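The values are calculated or read from the model by the stated rules, or taken from the named source; none is laboratory data. The shown structure was predicted, so the numbers you read here are calculated from the model rather than taken from an experiment. All Cβ positions, even for glycine, are placed from backbone atoms using ideal geometry, and neighbour counts span all protein chains on display. Remember, those area values only see protein heavy atoms, side chains included, never the ligands or the DNA or RNA. Shrake-Rupley method; radii C 1.70, N 1.55, O 1.52, S 1.80 Å.
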Amino acid sequence: MFRVKYFEAVRTAAVIVIALIIAFLIISLVSDQPLKTIGIFLLEPFSTKGHIGNVIEMAIPLMFTGLAVSLLFRANMFNLGAEGIFYFSGVVASVLAIHLSLNSWLHPLVAILAGSLTGALLSAIPGILKAKWNANELVTSLMFNNILFGVGLYLLNYHLRDAKAFANVSFKFEKTAQLSKLFAGTRIHTGLIIVLVLIVLAHLFLYRTKWGYELRMTGVNREFARYSGMKTAKVIILVHLIAGFIAGMGGSVEVLGMYSRFQWTSLPGYGLDGALVAMLAKNNPLSVIVSALFLAYIRIGADLMARLSDVPSEMISIIQAVIILLISAEQFLKFWKNRMLLKEAKEA
């Protein structure tokens with residue numbers, strides 16, 4: 001028998017199905033060959049090894065930021081600072097990738113660790129402001145995104161830029177700093193292994209440790225946790241440190257795994273996408289994997305659809321908007337949940 005505990009999973013699946021149905025209806029209205037276009041959108045990402053690789057490559061940074069944001073959301077911290085941290089940590093890792101000369105296993109390790117620690121320290125600032133003075137973490141994190149982007153772009157323009165290049169990009173990274181590829185014919189790099197290990201560790205931390213329990217209780221009811229003897233201020237600072245470390249690692253890994261130069265002249269958007277991944281995953285670390293792969297799949301499908309049909313890739317924005325709208329709508333399918341609760345109460 002279906003139990004209430006599975007309600008959120010079914011609710012999320014229903015949201016995705018509704019979003020896809022709406023997208024298909026719009027495609028049928030604007031495309032001259034709607035069936036062919038829908039087929040491209042759904043099947044083309046699996047048509048070749050390269051396309052499958054594209055999905056996984058895009059999913060890697062989404063897993064990093066989705067995991068970081070899900071931990072923050074689990075503590076009831078609506079912090080969107082992963083965007084700026086992801087960008088700036090990539091700048092820090094690039095500096096070390098350009099100027100250090102180390103062997104091929106130590107060089108990326110040092111660069112990624114530097115970016116991760118930078119992310120943790122930067123993320124701690126909104127955390128401390130929230131814990132000590134109850135400053136709104138959403139406002140402070142969004143302000144930090146702009147500050148970090150401005151500082152990062154300044155460093156790129158005036159200290160890292162290669163004047164001989166025909167674009168606003170940095171000097172080339174040392175070969176020893178770049179992450180190795182896992183599969184020939186794709187750009188899937190060792191960052192995939194790193195993020196999967198992080199996700200497992202985050203799951204164990206959240207559900208198998210005292211600190212994870214305190215984090216979850218603080219998220220459920222901060223006042224109750226405080227009166228129960230938990231040091232909620234420390235919990236808030238700790239979760240910001242961990243989330244910043246993960247987001248910083250994501251930015252560093254993405255830069256060293258996918259590029260030979262630093263070339264982001266705008267915020268890459270992965271931090272805000274991480275919020276969507278976390279919402280789809282219901283803030284469960286293990287579910288972040290599936291959520292990130294799904295989001296990467298529909299984006300690659302939309303890109304291929306734009307190239308091979310008469311429908312623009314902006315269609316993906318409609319799908320994302322519907323998903324966010326329905327996921328955040330507390331009343332969506334709530335009547336069904338109430339009916340199940342009453343039924344189970346009668347059976348008990």
Checking residue 197 against (1) in contact with a Leu (Cβ under 9 Å, 6 or more places away or on another chain); (2) free of Cβ contacts under 8 Å to residues at least 40 places away in the same chain: exactly one of these is not met. Which one? (1)
Can you list residue pairs whose Cβ atoms sit under 6 Å apart, with the first residue in the stretch 60-76 being on the phi < 0 side of the Ramachandran plot and the second being open to solvent by less than 10 Å² (accessible area, probe 1.4 Å) and among the hydroxyl-bearing types (Ser, Thr, Tyr)? Count only pairs 6 or more apart in sequence or on different chains. 75/218
Please list, ordered by residue number, the helices (runs of 4 or more DSSP H) wholly in the stretch 195-307 having 3 or more residues that are of a type in the set (A, V, I, L, M, F, W, C) and open to solvent by 10 Å² or more (accessible area, probe 1.4 Å). 210-220, 232-258, 270-280
Can you say whether residue 14 is aliphatic (A, V, I, L, M) and either open to solvent by less than 10 Å² (accessible area, probe 1.4 Å) or in contact with a helix residue (DSSP H, G or I) (Cβ under 7 Å, 6 or more places away or on another chain) (or both), as far as the supplied structure shows? no
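Tell me, which residue of the stretch 160-176 that is small (Gly, Ala, Ser) and out of contact with any Leu (no Cβ under 6 Å at 6 or more places or on another chain) is surrounded by the most Cβ atoms within 10 Å (Cβ to Cβ)?
So the first thing to find is which residues in the stretch 160-176 are small (Gly, Ala, Ser), and the list is 163, 165, 167, 170.
Keeping just the survivors that are out of contact with any Leu (no Cβ under 6 Å at 6 or more places or on another chain) gives 163, 165, 167.
Values: 163: 5, 165: 13, 167: 9.
My answer is 165.
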Kindly provide the set of residues from the stretch 18-29 that are surrounded by 13 or more Cβ atoms within 10 Å (Cβ to Cβ) and among the β-branched types (Val, Ile, Thr), ordered by number. 18, 22, 26, 27
Does the stretch 142-159 hold any residues that are open to solvent by less than 90 Å² (accessible area, probe 1.4 Å) and over 24 Å from residue 244 (Cα atoms), and which are they? 157
In the stretch 107-125, the residues that are more than 13 Å from residue 89 (Cβ to Cβ) and either among the small types (Gly, Ala, Ser) or touching a Leu at 6+ places or on another chain (Cβ under 9 Å) (or both): 107, 108, 109, 110, 124
Are there any pairs with C-beta distances below 8 angstrom linking a residue in the stretch 88-107 that is within 17 Å of residue 180 (Cα to Cα) and open to solvent by 50 Å² or more (accessible area, probe 1.4 Å) to a residue that is in a helix (DSSP H, G or I) and among the charged types (D, E, K, R), with the two at least 6 apart or on different chains, and if so which? 104/175
Could you check the stretch 30-45 and list, in sequence order, the residues that are touching a helix residue (DSSP H, G or I) at 6+ places or on another chain (Cβ under 6 Å) and either surrounded by fewer than 16 Cβ atoms within 10 Å (Cβ to Cβ) or aliphatic (A, V, I, L, M) (or both)? 38, 40
Matching residues, the stretch 172-207, being touching a Phe, Trp or Tyr at 6+ places or on another chain (Cβ under 9 Å) and over 30 Å from residue 235 (Cβ atoms): 173, 176, 178
Selection within the stretch 280-302 - under 17 Å from residue 47 (Cβ atoms) and basic (Lys, Arg): 299
Flagged pairs (Cβ under 7 angstrom, 6 or more apart or on separate chains; first in the stretch 181-193, among the aliphatic types (A, V, I, L, M); second open to solvent by 70 Å² or more (accessible area, probe 1.4 Å) and not in a helix (DSSP H, G or I)) are 188/181
